[in-house]
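What follows is one structure encoded as structure tokens, with my remarks underneath.
What follows draws every value from the coordinates through simple rules; no lab data is involved. Quick caveat: nothing in here was measured; it's all calculated off a predicted structure. Ideal geometry is used to build each Cβ from the backbone, glycine not excepted, and the neighbour counts take in all protein chains shown.
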Amino acid sequence: MEQPAARPCGALRPPASNAPPLIETNALRLLPFNLSPLLYYESMSLKRPPFPEEILAFVASPRYRPMRRAQLCGALGASGDDGREVRRTLRDLEISGRLVRVKGNRYAVPSGAGLVTGRIEVHQRGFGFLAPSAGAGGDVYIHGENMGGAMHGDTVSVKLLDGGRGRRGRPAGRREGRVVDILDRANASVVGTVQGRGGIYRLLPDNPRLRREILLAPGDIGGAQPGQKAVVRVTEWGGPNAAPRGAVTEVLGDAGEPETDILAIIHDHKLRIRHPAAAIREARRAARETGEADTRGREDLRGETIFTVDPADAKDFDDAISLSRRGGDWVLGVHIADVSRYVPPGGPVDEEARARATSVYFPGRALPMLPEALSNDACSLRENEDRLTQSAFVTISPDGRVKAARFASTVIRSRKRFTYARVSALLAGEPPEGEAERAILPTLREMERLAVLLRKNRFSRGAINLDMPEAVLQFDAEGRVAAVRREEYDISHILIEEFMLAANEAVGAFFASRRVPALWRVHEEPDEKSLLEYLDLIKPFGHTIRDIHDARAIQQFLDKVRGKPEAYALHLAFLRSMKLAVYSTRNAGHYGLGCPHYLYFTSPIRRYPDLVTHRFLKESCAGRRPAAPPDLEQLAFHCSEAEQAAEEAERECLKLRKLQFLKQHVEGGTFDTTKGVIIAIREFGFTVYLNDYLLDGLVHVSSLTDDFYRIARNRSCMTGERTRRRFRVGEIVTVGIARVDLAARQLDFVLAGPDAIRPPRPRKRRGR
């Protein structure tokens, strides 16, 4: 159906191939060393303290010698308010790792002081790795004895040891260091289980990477009882040989209770539970004030066949779809809730949404980015209700090529709220129910043809499809897990995925063509070392990849092994070899999607970057060039970190629920043995993945009592020295459950059934 005429936002144009170069100027590098920068600024009629980059240039000058803070302020000619601003900037630069303090509290750049700064990632076995800030090379290994009282997530300064060479027994080329200063503590509060009696109490952290128990004085337990989960504020950090001390600020409930466990995970990952009262009031007011007058000036699509497709338990419907024909082309309509209409920049709702950056979804519970008056009501594209939207109309040729795109502010009325399961059933041949389904079914079949074509074209250009399964939990009346089932990724999911990707790519191409500032979704190529290690892993299975640098060749390999016993292990290994996708102000393309210009547009109810995209798109469609806020790069970093924290919390909660489910069956005697596939070989054993539960656990090397096992160099297998028995990645084994550790979130297996370990036969002693 022909779309009604509207003021177009602009057709897609290929981005200019020769972007203007970025010119970096720094006046400080041109100044005589004895000339105060402030005097220079005054001569230029610029009344301001030095910017961070100017301070860095000053400290990095060849003639600079380490100075204390007061000396630096004097050298920079900064006093009064300017001096206070410089002090704050110095602190920020120190925390970010761009400056360090050396002997005598003097400031220097890290390279000049032989120090590396960054955030430390601690393994639950006690060692850690420093992820350097400011591009100071690769990770630095930190032995447990060199932690210096640092905890997981802290920002620290590290002294490289032995000229950067690792200790004996460490891999060649790995840098090793020792923590010399803790710049910023990441764990002002800690969640865990209260233990103790008789006036001696302690908190055992839930996060095994924190490792350090926190001492609690009798007057600081806040009514908590041993065995309860609590939130503790750290009052004293202690030191390398002294335990931290703290005080209970909130009692969450008894350990093991479903609601208590979720609350503990929420607090551990520093997630926000309740929206501020001001944000709730603003959201309710914005929702009430929407009326027919708001539809004026918008393209009216209320007469079109538009509908939503979402999970059965969804409450926030932020995208709807339509499809029509224009000549021989398809016109795909993707209609997204116009959240920017309800959330003005800088208001209480916007500030809270920015802080959260994303919604978080737990089994049976959600932490929405927006107050429910917006997320589940005014912005949700409910069936048979008028809703304000931002629409992308993508024109696609019969062979699946995107020919053009336009964008418009619209008003829609969804004809039907479909679930994934219902769409799949209709496309599989089930008869429609009701007039709405009968009317929409021809459009669904046309959508299926288009989605399959788009998917085929996407993989032909180099997109990667790992096809990793997801678990769905079913609960009983008491909120406990009753069953674990695999989420079926079928045609309904493919349909929505391809249409959302098409809309996101269309907006990304439009932004690139007009050089609109953006929060790009960036996924960089895997590094050479990771790719070569992956090639080394697959060789024992008789596999190879004709060109490891060609994404199409990689996808052909992944398709080839699909369905084989080793498929999940090899897919997972490649997933781990890839870099994380992040938000960035620099458009570096998306490797996994094979897309040069990609950003998020389709979920502004639950992702803050999408809301930013909507605002910039509106400005562009109005003929104005959006002004990038000065902190856009910082916002990109914040949204990336918030996303990772949310995903970690979601995975942890899902794993905990599945472990609780298995523990019930083990304790109830209803779990016998099951089959799983070996997905990884480690020094301490091998990891087995259970396809029935989408959960992995460890067969510890200590349970392999029949022999001494050696690990292959590429970690593809382990072999017994005497028996020559071999366990290899991709092999299917039968296991029983030895232990379910809810606190450590660990599952231990023992080989069982035909794979059970039999004790070695005692050797016969020779007679005299």
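In plain terms, the residue of Arg657, Arg445 with the fewest other Cβ atoms within 10 Å comes first and the most crowded comes last, giving Arg445, Arg657. For Ala680, the residues whose modelled amide H falls within less than 5 Å of its own, excluding neighbours fewer than 5 places apart on the same chain, are Thr687.
Length available on full extension from Asn241 to Thr670: 0.36 nm per residue minus the Cα-Cα distance, which gives 149.9 nm. Between amide H atoms placed 1.01 Å from N, distances below 5 Å from Tyr489 occur with no residue 5 or more places distant or on a separate chain.
Do you know the relative contact order of the chain, to the nearest whole percent, from alpha carbon pairs under 8 angstrom that are 6+ apart? Provide the component values of the computation, followed by the final result.
Numbers: 1451 pairs, mean separation 71.4, N = 768.
So the answer I get is 9 percent.
The lysines within cross-link reach of Lys564, meaning a Cα-to-Cα straight distance under 19 Å and a gap of 8 or more places when in the same chain, are Lys539, Lys675. Overall, the chain carries a charge dipole of about 3080 debye about its Cα centre when +1 sits on the Cβ of Lys and Arg and -1 on the Cβ of Asp and Glu, all other atoms neutral.
Note that the range 52-58 has calculated 3J(HN,Hα) couplings of x, 4, 6, 5, 4, 4, 5 Hz, one per residue in order, obtained from phi through the Karplus relation 6.51 cos²θ - 1.76 cosθ + 1.60 (θ = phi - 60°); glycine and proline are x. Among Val158, Val516, sorting on how many other beta-carbon atoms sit within 10 Å of each Cβ, with the fewest leading, yields Val516, Val158. Given (1) 28.1, 99; (2) 26.4, 84; (3) 29.2, 107, which label gives Rg and Dmax of the Cα atoms in Å as computed from the coordinates? Of the listed options (1) 28.1, 99; (2) 26.4, 84; (3) 29.2, 107, (3) comes from this structure.
With a ≥ b ≥ c taken as the square roots of the eigenvalues of the C-alpha gyration tensor of the range 257-322, please select rounded if a/c is under 1.5 and otherwise prolate if a/b is larger than b/c or oblate if it is not? It would help to have the intermediate numbers written out before the result.
Values: a/c = 4.07, a/b = 1.68, b/c = 2.42.
Because a/c hits 1.5 or more and a/b fails to exceed b/c, the range 257-322 counts as oblate.
Basic side chains Lys and Arg get +1 at the Cβ, acidic Asp and Glu get -1 at the Cβ, and with that the dipole of the range 418-547 about its Cα centre reaches some 480 debye.
Using the Karplus relation 6.51 cos²θ - 1.76 cosθ + 1.60 with θ = phi - 60°, the per-residue 3J(HN,Hα) values for the range 292-309 come to 4, 4, 6, 7, 5, x, 9, 5, 8, 10, 5, x, 8, 7, 10, 8, 10, 9 Hz, with x marking Gly and Pro. The H on the amide N of Leu599, modeled in the peptide plane, is under 5 Å from the matching H of Gly508, Arg521, each at least 5 residues off or on a different chain. The local environment of Asp92, defined by Cβ-Cβ distances under 11 Å, has a net charge of +1 under the rule Lys, Arg +1 and Asp, Glu -1.
Coupling constants for the range 493-503 follow from the phi torsions by the Karplus curve (6.51 cos²θ - 1.76 cosθ + 1.60, θ = phi - 60°), and in residue order they are 5, 4, 4, 5, 4, 5, 5, 5, 4, 4, 5 Hz; glycine and proline get x.
Kindly work out what percent of the DSSP beta bridges joining two residues of the chain are antiparallel, to the nearest 5. Working shown, then result.
Working: 115 of 129 bridges.
Here the antiparallel bridges make up roughly 90 percent for the chain.
Dipole magnitude for the range 672-755: about 420 debye, using +1 per Lys or Arg Cβ and -1 per Asp or Glu Cβ, origin at the Cα centre. For the range 239-282, taking Cα atoms only, Rg and Dmax work out to 15.4, 50 Å respectively. Look at the alpha carbon pairs under 8 Å that are at least 6 residues apart: their mean separation over the length of the range 364-473 gives a relative contact order of 19 percent.
Helical content alone sets the calculated 222 nm signal of the chain at -9000 deg cm²/dmol, taking -39,500 (n - 2.57) per DSSP H segment of four or more residues and averaging over every residue. Neighbour counts of other Cβ atoms within 10 Å put Phe661, Phe499 in the fewest-to-most order Phe661, Phe499.
Out of Val156, Met500, Ser640, whose Cα points farthest toward the positive end of the dipole of the chain (charges: +1 Lys, Arg; -1 Asp, Glu; placed on Cβ)? Selected residue: Val156.
Projecting the Cα positions of Thr358, Val251, Tyr709 onto the charge dipole of the chain (unit charges on Cβ atoms of Lys, Arg, Asp and Glu, taken about the Cα centre) puts Tyr709 furthest along the positive direction.
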